[in-house]
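Working notes for the structure below.
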Amino acid sequence: MLTLFVVQSCADAKDPSDTVRSFDGLANEIHFVPNLHAVNEAMVHSDWYAVIYDDEHIDEPLMEGLKVFIEESPADMLVLLKKSGESYFRSPRLFRNHVMIRDDSLLPALDDSSFDTVLNGMIHDNGSG
């Protein structure tokens with residue numbers, strides 16, 4: 001269904017098992033990469049790719065919602081919500097295979113990408129949510 005990129009979040013790699021497990025049934029190809037630059041260097045064979053850090057996971061409602069969005073959304077990228085402690089953030093995390101991201105952020109390299117915001121669940125820090 002989609003290609004998953006698990007990005008190393010800090011100098012010492014975290015155990016990504018919770019991260020990978022949260023995408024079970026959604027990701028058919030997984031790449032472990034050291035940084036965002038490596039995402040753009042990889043070949044993506046699926047229509048969509050997702051970018052998540054090794055210290056994060058998605059909850060069940062979001063996983064189910066993403067199944068619908070990647071089939072039905074005409075957008076170039078999907079913006080997801082992340083809960084970290086008591087704070088909430090919005091960030092693009094799923095991209096069509098033709099969308100390149102910046103080396104320094106999860107934003108598209110070109111500003112003309114269309115987006116949908118997915119409100120069916122959220123990203124959590126591993127060990128929470």
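The values are calculated or read from the model by the stated rules, or taken from the named source; none is laboratory data. Remember, it's a predicted structure, so these values are computed and weren't measured experimentally. Heads up, the Cβs are rebuilt from the backbone with ideal geometry, glycines too, and the neighbour counts pull from every protein chain shown.
Residue by residue, here is whether (1) touching a residue at least 40 places away in the same chain (Cβ under 8 Å); (2) among the aromatic types (F, W, Y); (3) buried (at least 19 other Cβ atoms within 10 Å of the Cβ); (4) under 20 Å from K14 (Cα atoms) holds:
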position	(1), (2), (3), (4)
L66	yes, no, yes, no
E71	no, no, no, no
K82	yes, no, yes, yes
P92	no, no, yes, no
F95	yes, yes, yes, no
L107	no, no, no, no
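For region 109-129, which residues satisfy the criterion of being surrounded by 13 or more Cβ atoms within 10 Å (Cβ to Cβ) and either under 19 Å from S9 (Cα atoms) or touching a residue at least 60 places away in the same chain (Cβ under 8 Å) (or both)?
Scanning region 109-129 gives G121, M122, I123, H124, D125, N126, G129.
Would you pick out the residues in region 30-48 that are farther than 24 Å from D12 by Cα and either among the aliphatic types (A, V, I, L, M) or at pLDDT 95 or above (or both)?
Here is the first cut: in region 30-48, the ones farther than 24 Å from D12 by Cα are 43-48.
Passing the criteria: M43, V44, S46, D47, W48.
Just one of I58, I30 is surrounded by fewer than 18 Cβ atoms within 10 Å (Cβ to Cβ), of a type outside the set (D, E, K, R) and either out of contact with any Pro (no Cβ under 6 Å at 6 or more places or on another chain) or under 21 Å from D111 (Cα atoms) (or both); which is it?
From the options I58, I30, the qualifying one is I30.
With the requirement that a residue be touching a Ser or Thr at 6+ places or on another chain (Cβ under 8 Å) and acidic (D, E), what does region 99-129 give you?
D116, D125
Anything in region 20-42 that is in a loop (DSSP other than H, G, I, E, B) and touching a Ser or Thr at 6+ places or on another chain (Cβ under 9 Å)? List them, or say none.
Matches in region 20-42: A42 only.
Tally up the residues in region 3-17 that are surrounded by fewer than 18 Cβ atoms within 10 Å (Cβ to Cβ) and outside any loop (DSSP other than H, G, I, E, B), please. Write out each step before concluding.
Taking region 3-17 as the starting set, the residues that turn out to be surrounded by fewer than 18 Cβ atoms within 10 Å (Cβ to Cβ) are 8-15, 17.
With the extra rule that they be outside any loop (DSSP other than H, G, I, E, B), the set shrinks to 17.
The total comes to 1.
Output the number of residues of region 56-94 satisfying the condition of being in a loop (DSSP other than H, G, I, E, B) and either more than 21 Å from D18 (Cβ to Cβ) or at pLDDT below 95 (or both).
Final tally of qualifying residues: 6.
Scan S73, S113 and give me the residue that is under 26 Å from P34 (Cβ atoms) and over 14 Å from the mean Cα position of the chain (by Cα).
S113
Kindly indicate the residue of region 109-129 that is among the acidic types (D, E) and assigned to a loop (DSSP other than H, G, I, E, B) and also modelled with the highest pLDDT among those meeting that condition. If you could, list the steps in order and put the result at the bottom.
First, pick out the residues of region 109-129 that are among the acidic types (D, E): 111-112, 116, 125.
From the residues that got through so far, the ones that are assigned to a loop (DSSP other than H, G, I, E, B) too are 111-112.
Details: D111: 86, D112: 89.
If we take residues in region 109-129 being among the acidic types (D, E) and assigned to a loop (DSSP other than H, G, I, E, B), then D112 is modelled with the highest pLDDT.
Under 6 Å between Cβ atoms, which residue pairs at least 6 apart in sequence (or on different chains) link something in region 1-21 that is of a type in the set (D, E, K, R) with a partner that is part of a strand (DSSP E or B)?
D18/H57
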